[in-house]
Amino acid sequence: MLENWKEEIFTACTNSQTMAIALFDKSGKQLYCNSVMRKLTQGKAGDFFLNPTIEKLLEKTKTNPFHGVITFANESAENYSLEGMAVQKNNELLVTGEVNVAQLVKQNVSMTLLNQQINNLQRQLIKEKKMLQLANKKLEKLNEEKNLFLGAAAHDLRNPVGVCYAYADLMIENFDELTSEEMHKYVALIRDNAQDTLALLNELLDISAIESGKTELKKEKVFYDEWVKYIVETNRVFAEKKQIELKFFSQAQNISIEIDKIKIKQALENLISNAIKYSQSNTTIKVEILRENNTVITIVSDQGQGIAPHELEKLFQPFQKTSSKVTGNEKSTGLGLSITKKIITSHGGKIMVRSELGKGSDFVFTLPAGK
C-alpha cells in the first residue's frame with residue numbers, strides 16, 4: 001500500500017515532528033494515518049475533512065498537486081486548519097501538512113484530560129462495583145438472618161398457639177361432659193399459653209421496631225440509682241418465689257442522667273429475669289451501679305450455671321439459646337438479650353458479659369453520664 005509513497009512519507013516524517021500525513025485510495029477510503037494526523041482527527045481523517053473534502057481533493061489533484069489551507073474537524077466539533085499539500089499518484093491521494101504546534105499541544109492536552117476522565121470513571125466504576133458486591137453480601141447475610149428469624153419465630157409461636165387450639169377444641173367437643181374444675185383448668189392453660197404467645201409477639205414487635213429505627217427514645221432526666229433501685233424492688237418478688245436473694249448496691253448516688261426510663265427498665269428487667277431463670281434456689285443475684293469518669297456502669301451478677309465460652313459470642317443474637325437450662329420451668333423466647341443490647345446501644349452505651357461455667361455470670365452495661 002505504501003510502496004508508492006515510501007520515499008515521500010519518509011522525507012516528511014524526518015523533516016518535521018509536526019507533519020500530519022494521511023493516505024487515501026481513489027474512492028476516498030483512508031489507507032494510512034500517521035500519529036499527528038490521528039491526534040487531530042482521532043484516526044478518522046477522511047471523515048472529517050471539511051474544506052476541501054476528500055472528494056474535492058481527489059478531483060483537484062487529478063492533474064496537478066493541491067497546495068493551500070486544509071480544514072477539518074474532529075469529534076470534539078472543533079475546527080483545525082493546516083497549510084498542506086495533496087498529491088494524487090497511481091489512484092492514491094497523499095495529504096500532508098504542517099501542524100501549528102499550539103494546535104497540537106491543545107489537542108494533546110484535550111486527549112490527556114479525556115484519558116484522565118476515563119481513568120477516573122474506571123476507578124469510580126471499580127469502587128462502585130466493590131461497594132455493590134459488599135452490599136450484595138450484606139443483603140445475602142440479612143436474608144439468611146431473616147429466614148432464620150422467621151423460622152425460629154414460627155417455631156416458638158406454633159407450640160402455644162397449638163396448645164390453645166387443642167384445649168379449645170377439647171372443650172367444644174366435650175362441653176357437656178366437663179366438670180367446672182376441668183373447664184377452669186383448660187381455660188387457665190389456654191390463658192397461660194396465650195400470654196406466652198402475646199409475650200413473644202410483643203418482643204418480636206419490639207425488636208422489629210428497634211431494627212427499623214421506628215422506635216424513638218423518650219429521654220428524660222432521672223436519678224439513675226433511684227430508678228434502678230425501684231426496678232430491683234419490683235422484681236424482688238420473682239426472686240423470692242425461687243428463694244433467691246436479690247440485692248442492690250450503688251456507688252454512684254444521686255447521678256442524674258438522660259434515659260428512656262421505660263426502655264432501660266425493660267433492658268434491666270430482662271437481665272434480672274434471666275438471672276432468676278438460670279439460678280438455683282438459695283443463691284444471690286446482685287445489681288450494682290458504679291461510676292467511672294463520664295460513664296455509669298450497671299452490673300447484674302448471679303451465682304448460676306454460667307455460660308460456655310463458645311456460646312458467649314452468639315448470646316446477644318435473636319433466638320440464640322445456650323446449653324444452660326432454666327431451673328424452674330420458666331419460658332424463654334430467646335429475644336430478651338437481643339432487645340436489651342439494642343436498647344443499650346441506642347442510648348450510646350455498650351453491653352458485655354463475663355461468665356464461668358459453674359460459678360455464674362456478670363452482665364455489664366454502660367450508659368453515658370455526661371460531665
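The values are calculated or read from the model by the stated rules, or taken from the named source; none is laboratory data. Since we're looking at a predicted model, the values are computed, not measured. Quick reminder, even Gly has a Cβ in these numbers, built from the backbone with ideal geometry, and neighbours come from all protein chains shown. SASA here: full protein model, heavy atoms, side chains in, ligands and nucleic acids out. Shrake-Rupley method; radii C 1.70, N 1.55, O 1.52, S 1.80 Å.
Within the stretch 39-50, residues that are open to solvent by 20 Å² or more (accessible area, probe 1.4 Å) reach partners that are of a type in the set (D, E, K, R) with beta carbons closer than 6 Å, at six or more positions or on different chains, in the pairs GLN42/GLU75. Among the numbered conditions (1) assigned to a loop (DSSP other than H, G, I, E, B); (2) surrounded by 14 or more Cβ atoms within 10 Å (Cβ to Cβ), the only one that ILE285 does not meet is (1). In this structure, does LYS89 turn out to be of a type in the set (Lys, Arg), open to solvent by 20 Å² or more (accessible area, probe 1.4 Å) and within 23 Å of THR112 (Cα to Cα)? No, not satisfied. Selection within the stretch 136-191: residues that are of a type in the set (D, E, K, R) and under 20 Å from ASN202 (Cβ atoms). The member of this set that is modelled with the lowest pLDDT is ASP156.
The residues in the stretch 251-282 that are over 40 Å from the mean Cα position of the chain (by Cα) and modelled with pLDDT of 85 or more can be counted, and the count is 4.
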